[in-house]
Structures are given as structure tokens and as C-alpha cells.
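Quick notes on the structure that follows.
The values are calculated or read from the model by the stated rules, or taken from the named source; none is laboratory data. Values in this document were obtained by computation on a predicted structure and should not be read as measured data. Glycine gets a Cβ as well: all are built from the backbone with ideal geometry, and neighbour counts include every protein chain shown. Ligands, DNA and RNA are stripped out before the accessible areas are found, and what is left, the full protein with its side chains, is counted by its heavy atoms. Shrake-Rupley method; radii C 1.70, N 1.55, O 1.52, S 1.80 Å.
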Amino acid sequence: MFPRGRKLLLGVAGGISAYKSCDLLRRLQDEGFIVDVVPTAASLNFVGKSTWEALSGRKVITDLWSDVETVPHISMAKESDLIVIAPTTADLLAKLASGRADDLLTNIVLASTAPKILVPAMHSEMWLNPATVANVKLLQERGFFIITPDVGQMTGSDIGIGRYPESSRIITEINLHVMNSADLKGKKILITAGGTREPIDPIRFIGNRSSGKQGFALAMAAASRGAQVHLVSANTDLPIIEGITTTYVETAEQMASVLQIEFPHSDALIMSAAVADVRVANYSDQKIRKEGLNQVDLEKNPDILKTLSGIKKSGQIIVGFAAETSADIASLEQSGHEKLASKSLDLIYVNNVSNGAIFGSDQTQGLIIDNQKKVIKVPEISKDTLSDILLDQLVSKLG
Ligand code: C5P
């Protein structure tokens, strides 16, 4: 299975071919997508809610008035990395083209910034009707990706264009689209994740709150774009990502020694791990008794990024992260510029982690700053989406 780790929302509109989406759902899961199904009310005449719940293994809501306290149209819009609507009926094409939002699915589409793939299926006359043709053209212009229907037998006896394509063709088209044309193919990307732990004795350590989610999201996003990824993970509870080379380390020193070996033959390093600035000077291999724990002597860890910037060859790109505790955007930006300069980075992502924000969360927000002083303000988005935005910047720097 190719690593992707993307949340996909499968919309199902009210066409007879809705039953074929049961197979599509299974195939999408085989591809590693986590799929939430949002059927329209009309489609429930063809395939019931229980079928979708059983097949997806996830709760299915079908209207705007369920679970209102969680504002599902907004939360589902934010959480979905990709929206696929299969089948898309002529009516839904018309609704989407006019920006209507009168049910859960159309509300999600309108609220989402994720890529949207439509799989229209209908009788040839309806597909070829000038109104449908115009709606499809308008939606394409607005960035919707339309998978053209197949030619073949319709529900009745007639034959023509409008058939729901085979699941395998839909999957291929989705993969091509999601892979962003594999713009990191052939590139070796070294990514660090998690928080280092500096042992005091065999029982205690100095650590930090990094969960590893951002680094793992970056690793999956980079692999999905064709990169050869080496993930160097400090402490995290996240499951290993199948297909990605992962080296586990505990301390900053261990991370530094892996990176010293790996960096010289990598195209880019993304340093999203939270590395402890200090370590314990006199580690005790015996448990220190309470009475002896009044003071722990610390010494500085080497700054890994600074060290690696020093041996960086032309063409190599280094991306840093900075966790700050300032809500003031101007000072966040200022410290981003300073850190980028002091560590000779190409890009940095600065965020405000005060009050328990971001560490451990699936969401993030902050600023991307590059070595040309370009600043991109990142509103609250998923760590998966941030990964793709950062990788877009990385790709343009890799040239
Ligand atoms: O200076 P500060 O710790 O805020 O910088 C954060 C960035 O520097 C992160 O990308 C982190 O991985 C990296 N770092 C490092 N070595 C250290 C401390 C932080 O590479 N000893």
C-alpha cells in the first residue's frame, strides 16, 4: 500500500449507480484512504445509510440537522483532504455550479478548500444537454476535476456516454490527481519528527510535548508526491508508516549522529522534531534517590540545524520549525526571520504553541518564512494540508 494518510470524503448523489460506489469505497480503503461517506437524501433511495456505515466503519450523517453542536459541515470540510463525489448527478452539477448549499454535502463542498473530484454519471441526453455542458465547464474553470463518464450500456436498453466508470479507472484518476504529478519523484527527503528525551537516570528524562504528528504528516505527504523519504523519529506514539524508512532515536545526540550520516546524500532536510536544547551533564545509570534530586546539572546540546547548515552543499534545502509562545504576529514573524538567518535555513515554519495549542493537535496555524523574506500566513488548517503547502515551497526551491 502506498503511504498517503489522507482523509477522503466520498459524496454520493441520487443516481442509480450509487450502488457502484459501495465497491469504490472498498477500493479507496484498500488504497489507504480513510473515507467518510456523505450521501444526499435522494441517494438513500438507492443505498441506505446503514450500508455506508457498515462499509466505511464510520458514522454517517446525511443531513444538516444531525450533530449540529459539532457543526459537521465545517468540521468535515476542514478535515477532508480530498472530496470525491461519485456518482454526481446532473442536478448536483447544477447546484454546485450555482454555489448552492441546501444540504450537508453541498455545504461541505462550499466550505472546503480541498481538491474536489466529480464522477458524473447520467443518461447521455442529460450529460450532453447544453445546461450540463455549461455547468461542467464552469466547475472545471473553478478547479473541480471532472472524470469523464464511460461510454456503454445505460440503466435501460440504450447505449451511450454517461456510464459510471469502473472503480479501477476512478482510483487511477484520483491517484494521478492526488500525487500532484509526483513532483518530488527522485528526491531524497530527510524528515525529523517527535520530541527528543534527555535521560536523567534510567527512569526519568527531560522531554517536551511534541507528538510527532507534523513530522509524520510531512513524511506521508512527501512520499505521496514521489519522494524517497527517510523519517528520523524521536519519541512518539504514532504507528509506523508502511513503506517509509524510519529510524527511531531517543536523544538529540542520537538524532544528530543519524542526520550527520544521512544529510550529505539527501536533497532536503525538514527538521520538524522538537530537539532538547540541553542534556543532563551527569547521567546516572542508577536511579537517583529523591534526596539526591535537588539539582540536575545541564549542558548544551549541539544545534543540529546549525551544524548541518555548515556542511550544506549548493542545491540542498533545509527547512526548520520554531515553536514560540507569542500570540503577537509581528514578534512571531520577527523571531522567524531571526531563526532562519541564524541557522542559515531556506524555509522556516513558526507557530505559537502557547496554551496547549498545536502540540498533539491535528490542526496547526502559523507563518512560513523563506530566505527571500517572503511570508505566508497559514490560517488554522490540518497538519496534512500544511505539509503540502510546505512541500510546494520546497519544490519551488529545489528547482
Ligand atoms: O532555536 P529553536 O530550538 O527554536 O529552533 C527550532 C529548530 O531548530 C527546529 O527545527 C529544531 O528541530 C531545530 N533544533 C536543532 N537542534 C537543537 C535545537 C533545535 O536542530 N539542538
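Of Thr236, Thr245, Thr51, Thr196, the order by accessible heavy-atom surface (1.4 Å probe, DNA, RNA and ligands excluded), from most exposed downward, is Thr245, Thr51, Thr236, Thr196.
Working from label points 7 Å from Cα in the Cα-to-Cβ sense, the Val151 to Leu293 distance is 7.7 nm. Projected onto the charge dipole of the chain (+1 at Lys/Arg Cβ, -1 at Asp/Glu Cβ, origin at the Cα centre), which of Ile117, Ile147, Leu340 gives the Cα projection farthest towards the positive end? Farthest along the dipole direction, towards plus: Leu340.
Count charges around Thr251 for me, please; just the other residues with Cβ under 15 Å from its Cβ, Lys/Arg as +1, Asp/Glu as -1.
Details: positive: Arg197, Arg204, Arg279, Lys300; negative: Glu198, Asp201, Glu250, Glu253, Asp277, Asp285, Glu299, Asp303.
Once all neighbours under 15 Å are counted, the net charge is -4.
Considering only Trp65, Trp127, Trp52, the Gaussian network model of the chain with Cα springs below 10 Å gives its largest mean-square fluctuation to Trp65. Over the chain, what is the relative contact order in percent, taking alpha-carbon pairs closer than 8 angstrom and at least six residues apart? The value is 12 percent.
Nothing charged except the Cβ atoms of Lys and Arg (+1) and of Asp and Glu (-1): what's the magnitude of the dipole of the stretch 14-161 about its Cα centre? Round to the nearest 20 debye.
Details: 12 positive and 17 negative charges, 30 e Å.
So the dipole magnitude of the stretch 14-161 works out to roughly 140 debye.
Treating the angle as unsigned and between 0 and 90°, give the value, to the nearest 10°, between the Cα long axis of helix 20-30 and the longest Cα principal axis of the chain. It is inclined by approximately 20 degrees.
Only one residue of Thr364, Thr307, Ala273 has its Cα farthest out toward the positive end of the dipole of the stretch 231-376, where Lys and Arg carry +1 and Asp and Glu -1 on Cβ, and that residue is Thr307.
Among rounded, prolate and oblate, which fits the stretch 360-399 when a ≥ b ≥ c are the square roots of the eigenvalues of its C-alpha gyration tensor, a/c under 1.5 means rounded, and a/b larger than b/c means prolate?
Values: a/c = 3.17, a/b = 1.60, b/c = 1.99.
Oblate, since a/c reaches 1.5 and b/c is not below a/b.
Here the gap between Ile203 and Asn355, fully extended at 0.36 nm per residue and compared with their Cα-Cα distance, gives a gain of 51.9 nm.
State to the nearest 20 debye the size of the charge dipole of the chain about its Cα centre, where the only charges are +1 on K and R beta carbons and -1 on D and E beta carbons.
520
Bridging of Lys373 to lysines at a Cα separation below 17 Å is possible for Lys339, Lys343, Lys397, once same-chain residues fewer than 8 apart are set aside.
May I ask you to list the residues of the stretch 93-128 whose amide nitrogen lies under 12 Å from a point 7 Å from Cα along the Cα→beta-carbon direction of Asp63? Counting only backbone N, you get 103-104.
Within the chain, DSSP assigns beta bridges of which about 35% are antiparallel (rounded to the nearest 5).
Would you mind classifying the stretch 29-127 by shape? Square roots of the alpha carbon gyration tensor eigenvalues, ordered a ≥ b ≥ c; an a/c under 1.5 is rounded, otherwise it is prolate if a/b is larger than b/c and oblate if not.
Working: a/c = 1.40, a/b = 1.21, b/c = 1.15.
Judged from the Cα gyration tensor, the stretch 29-127 comes out rounded (a/c under 1.5).
Cross-link reach is defined here as a Cα-Cα straight distance under 24 Å, omitting same-chain residues fewer than 8 places apart; for Lys49 the lysines meeting it are Lys7, Lys20, Lys59, Lys78, Lys95, Lys116.
Measuring between their Cα centroids, the stretch 95-127 and the stretch 200-261 lie 39 Å from each other. The simple Förster model, with R0 at 22 Å and r as the Cβ-Cβ distance, assigns Ser75 and Ala101 a FRET efficiency of 0.90.
Asp158 to Ala330: extension gain in nm, 0.36 nm per residue of separation minus the Cα-Cα distance? Show your work: numbers first, answer last.
Numbers: separation 172, 0.36 × 172 = 61.92 nm, distance 6.47 nm.
Extra length from Asp158 to Ala330 when fully extended: 55.5 nm.
Once you have the Cα-Cα distance between Ser342 and Arg142, take 0.36 nm times their residue separation minus that, and quote the gain in nm to one decimal. The partial results should precede the final answer.
Details: separation 200, 0.36 × 200 = 72.00 nm, distance 4.18 nm.
Length difference between fully extended and current span is 67.8 nm.
Simple spin-label estimate for Glu250 and Asn371 gives 3.6 nm between the two label positions (7 Å along the Cα-to-Cβ direction from each Cα).
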